[in-house]
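One structure below.
The values are calculated or read from the model by the stated rules, or taken from the named source; none is laboratory data. Note that the structure is predicted; figures quoted are calculated from it, not measured. All Cβ positions, glycine included, derive from the backbone under ideal geometry; neighbour counts span all protein chains shown. These accessible areas exclude ligands, DNA and RNA; they are computed on the full protein's heavy atoms, side chains included. Shrake-Rupley method; radii C 1.70, N 1.55, O 1.52, S 1.80 Å.
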Amino acid sequence: MAAATTASISLSLHLRLRPPLPPPRRPARHAAFLLPTPSLLPQRLHLAPCRPTWCPDVRVRAGSSIGALPALARPGGAVETDRLPSDVRDRAMEAVDHFGGRVTIGDVASRAGLQLAQAERALQALAADTEGFLEVSEDGEVLYVFPKDYRTKLAGKSFRMRVEPLVDKAKEVGAYLVRVSFGTALIASIVLVYTTIIAILSSSSDEDSRGRRRRSYGSTIIIPTDMFWYLDADYYRRRRVEKENGMNFIESVFSFVFGDGDPNDGLEEKRWKMIGQYISSNGGVVTAEEVAPFLDVPPPSEESKDDESFILPVLLRFQGHPEVDEQGNIMYRFPSLQRTASSKSGGSREYVGTKWSAMFGGVEKYLEEKPWKFSKANASEKAMVAGLGGLNLFGVIILGNLLKQMTVTPGGLISFAAQLYPLLQIYAGSFFAIPLFRWFLLRKTNSDIKKRNKAREQRAQELLSPDSSLRRKLLSARDMAQRKVITPEEIVYTTEKDILEQDYEVKEWERRFKELESD
């Protein structure tokens, strides 16, 4: 060891386990988790297969100077998290927060409903940007550990995260302006149409009176300033607080014509979260019947009883595979979701039938889609909007007939209205054509939603009252469950500590496994 103080040392730690795992990376002490480069391969943690089940081989050899390892800089100083999609980043961070900052890839994938590859990429990026580190357990499992202030550190580095709230706010304001502009157009159209009609009718009097009135109408500027009281920059914040009070008239115009958006926005994210959490809480082994209430499946019948093809997307997303028990029942195991760093959401191996209902009393037992509404406006608001739309349509028709009967070239306001008349026709016609089309479309859409909800509900009812065959299958799945909680006591290597600090621990680890190998 005396020579080691002047010589240089590098550590090549080979853990030979079964099954083999990809190599974790080893950065400098207390440094962020950094992505490897070809020149740094000798400093990596290697996991390789071997003949015996446990046969570690720990070797220390000279080759680099002792002391603090040099800090590794990312190419160009890029923020790795900025390369992630915003929803993947946010869902991964929510999962990390839920588990207290110490997670496996399976924890994040199941909690956030992400693909395993997405969860791994998100954890690597977050660790690289927030000084997170890795831990390796005795079984070779890799855990990601984040400091409590990792969100603050990330926000300080990521310009994108600082800008996103402003962009979202601008989108909300822009969407609101579009809504109120359409409603304002109805008022403006009515005012313009009927003012022009009055001007044309008045022009049938004597020449002097007509000229006087024409100059009057031509010089009048209609500015209904009282109609713009609703242009509130904090509209969406106010609407969230006062949502129960309904919407104002201008909003109800847009709602009547175009509706209020997809009520099932984010349905897929919710679906995969429910599936991932369900599988994880039940030890990573489930039957197809248990997953069916969360998928788009046909109603239970004799024809569909043996068809389990609907589970294929779940197997692909969470890297599961089928297994057959002693009775010939097909189970689906998800190894990555069986290992967790948290004891939260532990499943019960015994639940079947009524116990399923009791265990998940506070959780939705099946995925339920919401039906589309024609409009969130109440009956009186819709009646008022329809009435004013009809008044506008009637006025546009009358104005068109009057413009055709005019024998002299109009001027002033009448000329302005004549130029805008094609737009007035389109607006007045679409005001009722679009809602009529939506009404027929929503009938078909809601009918399909009702069928899917009914099928999923029936699948859930089967689990509440399973027959003898399904009961045995569920019990077999619980018996095959192997949920593994990785405790801090099982950690044998961490990138948080310096190599020399772990030197004694590595030697002790080698001695223990040599004893096991000799036995």
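Data overview
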item: Residue in segment 263-280 that is among the polar types (S, T, N, Q) and either part of a helix (DSSP H, G or I) or surrounded by 22 or more Cβ atoms within 10 Å (Cβ to Cβ) (or both) present; result: yes
item: Number of the condition not met by Leu475 [criteria: (1) open to solvent by 70 Å² or more (accessible area, probe 1.4 Å); (2) over 25 Å from Phe294 (Cα atoms)]; result: (2)
item: Tally, over segment 113-165, of residues that are touching a helix residue (DSSP H, G or I) at 6+ places or on another chain (Cβ under 7 Å) and among the acidic types (Asp, Glu); result: 5
item: Long-range neighbours under 8 Å by Cβ, at least six apart or interchain, first residue under 24 Å from Val96 (Cα atoms) and part of a helix (DSSP H, G or I) within segment 154-174, second open to solvent by 50 Å² or more (accessible area, probe 1.4 Å) and of a type in the set (Phe, Trp, Tyr); result: none
item: Residue match in segment 429-438 (condition: modelled with pLDDT of 90 or more, open to solvent by 50 Å² or more (accessible area, probe 1.4 Å) and under 21 Å from Asn282 (Cβ atoms)); result: no
item: Failed item, numbered, when Ile449 is tested on (1) at pLDDT 95 or above; (2) over 30 Å from Met274 (Cα atoms); (3) surrounded by 16 or more Cβ atoms within 10 Å (Cβ to Cβ); result: (2)
item: Verdict on Ile414 being at pLDDT 85 or above, within 39 Å of the chain's Cα centre (by Cα) and of a type outside the set (Ser, Thr, Tyr); result: no
item: Residue count, segment 305-328 (criterion: open to solvent by 70 Å² or more (accessible area, probe 1.4 Å) and more than 30 Å from the chain's Cα centre (by Cα)); result: 5
item: Counted residues, segment 135-151 - those being of a type in the set (Asp, Glu), closer than 20 Å to Arg483 by Cα and in a loop (DSSP other than H, G, I, E, B); result: 3
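Each row is one residue, and each column tells you yes or no for (1) of a type in the set (S, T, N, Q); (2) assigned to a helix (DSSP H, G or I).
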site	(1), (2)
Tyr366	no, no
Ala386	no, yes
Leu391	no, yes
Pro422	no, yes
Gly429	no, yes
Leu436	no, yes
Gln458	yes, yes
Arg471	no, yes
